[in-house]
Amino acid sequence: MSQHSNSKEETSQDTKKTAGPDVYNIVENALQQVWAVANSLSHIKAPPHEHFRVTIFGSARIKPGQELYNEAKKLSSALASMRCDIVTGGGPGLMQAANEGAEEGDPNHEVESIGIRVALPFEQNANPFVEELYTHETFFTRLHHFVRLSDAFVIMNGGIGTTLETLMIWQLLQVKHLENVPLIFMGEMWSELKAWSKKYMLPHEPSLANPADLDIPQCVANTDEAIEVLKPYIEAHNERFRSMNTGTAHEGE
C-alpha cells in the first residue's frame with residue numbers, strides 16, 4: 001500500500017503548547033501566510049486523470065455483513081467494474097465496504113482504491129482494502145483533499161462526520177467553487193435532510209436559502225439509481241480523456 005502523510009507521528013494533544021501573546025501573534029501571522037500560499041497552490045489544477053473518481057462517504061460504525069455494508073460494496077464494485085477510481089475516508093465501516101467492493105470489481109487492479117484518513121486516537125489504521133493512503137492531521141485539509149481528488153460524491157448513511165463532509169460539498173457546489181460535480185444522496189436518511197432544509201429554510205421572508213440550491217443534491221434509493229445518475233458523467237469524462245489522448249498522439253506524429 002502506498003502511503004502519504006502531511007502529519008508528524010509524534011504530534012499529539014500532549015505535545016501542544018500554550019503560547020504567550022507575542023508568540024501567538026507571530027504564529028497567527030505565519031499561519032495566515034501559510035494559508036495564503038496553500039490557497040494559491042490549490043488553484044493549480046491536476047493533470048487529467050484517466051479514470052472518473054467517485055468518493056463514497058458513510059458511517060465508520062457499520063459492520064461487515066450488514067445490509068448497508070453490502071450495499072456500499074455493491075456500489076463501489078459496480079463503479080470499479082466501470083473503471084472508476086474509488087475514494088473513501090480510509091477507515092472502517094462503509095469506508096471499508098467501499099474499498100473492499102472496489103477490489104472485487106477490479107480484480108486486475110486497473111483502477112485506484114484510495115483512502116484519505118485523519119489521524120484519530122481511536123482509529124489508528126486504514127482498512128486493509130486501501131491501495132493508496134493519505135493521512136491528514138486536521139479535518140480541514142482532509143476535506144479539501146477530497147475536493148481536489150473527486151469527480152463525484154455519493155453519500156450513504158452516516159453520523160456527524162458524514163454530515164460535515166456532506167454539507168461542505170453541498171456549500172461548495174452552492175457557491176460554485178465546485179461545478180459539474182454530482183452530489184448524490186443515497187437512501188431515506190439524506191432525502192429527509194433535503195426535505196427538512198426546504199421545510200425550514202424556504203418559508204421565511206426572506207428565505208434562508210435559494211430554492212435552486214436546495215435541489216443540488218440528487219436523491220436516489222439504491223445502488224442502481226446512483227449508477228444511472230453517474231453514468232452520463234462517467235461517459236463524458238472518458239470521452240474527454242480519449243479525445244485529449246488522441247490529440248496528443250496526433251501532435252507527436
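Quick notes on this structure:
- Phe185 among the aromatic types (Phe, Trp, Tyr) and either assigned to a loop (DSSP other than H, G, I, E, B) or modelled with pLDDT of 95 or more (or both): yes
- Scope region 60-117; condition acidic (Asp, Glu) and not in a loop (DSSP other than H, G, I, E, B); matching residues: Glu67, Glu71, Asp85, Glu100, Glu103, Glu104
- Within region 147-170, the set of residues being in contact with an Asp or Glu (Cβ under 9 Å, 6 or more places away or on another chain), in a helix (DSSP H, G or I) and closer than 23 Å to Ala209 by Cβ comprises Trp170 only.
- Filtering region 121-143 to residues that are outside any loop (DSSP other than H, G, I, E, B) and either of a type in the set (Val, Ile, Thr) or under 17 Å from Gly58 (Cα atoms) (or both) leaves Glu123, Thr135, Phe139, Thr141, Arg142, Leu143.
- Filter result (surrounded by 10 or more Cβ atoms within 10 Å (Cβ to Cβ) and within 18 Å of the chain's Cα centre (by Cα)) within region 20-47: Ser42
For (1) in a helix (DSSP H, G or I); (2) out of contact with any Ser or Thr (no Cβ under 7 Å at 6 or more places or on another chain); (3) β-branched (Val, Ile, Thr); (4) touching a residue at least 24 places away in the same chain (Cβ under 8 Å), each residue gets a yes or a no:
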| residue | (1), (2), (3), (4) |
| --- | --- |
| Leu172 | yes, yes, no, yes |
| Met189 | yes, yes, no, yes |
| Lys194 | yes, yes, no, yes |
| Pro203 | no, yes, no, no |
| Leu214 | yes, no, no, no |
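- In region 196-210, residue surrounded by the most Cβ atoms within 10 Å (Cβ to Cβ) [restricted to those that are under 25 Å from the mean Cα position of the chain (by Cα) and over 21 Å from Asn157 (Cβ atoms)]: Ala209
- Filter result (closer than 18 Å to Phe185 by Cβ and in contact with a Gly (Cβ under 9 Å, 6 or more places away or on another chain)) within region 57-77: Phe57, Gly58, Ser59, Ile62, Leu68, Glu71, Ala72, Lys74, Leu75, Ser76
- Test: residue in region 117-137 that is among the polar types (S, T, N, Q) and buried (at least 24 other Cβ atoms within 10 Å of the Cβ): no
- Residue match in region 71-85 (condition: within 21 Å of Asp224 (Cβ to Cβ), free of Cβ contacts under 8 Å to residues at least 60 places away in the same chain and under 14 Å from the mean Cα position of the chain (by Cα)): yes
- Positions within region 225-250 being under 20 Å from the mean Cα position of the chain (by Cα), acidic (Asp, Glu) and surrounded by fewer than 12 Cβ atoms within 10 Å (Cβ to Cβ), in sequence order: Glu228
The values are calculated or read from the model by the stated rules, or taken from the named source; none is laboratory data. What you are looking at is a predicted structure, and each value in this text was computed from that prediction instead of being measured. Counting neighbours? That spans all protein chains shown, and the Cβs are built from the backbone with ideal geometry, glycine included.
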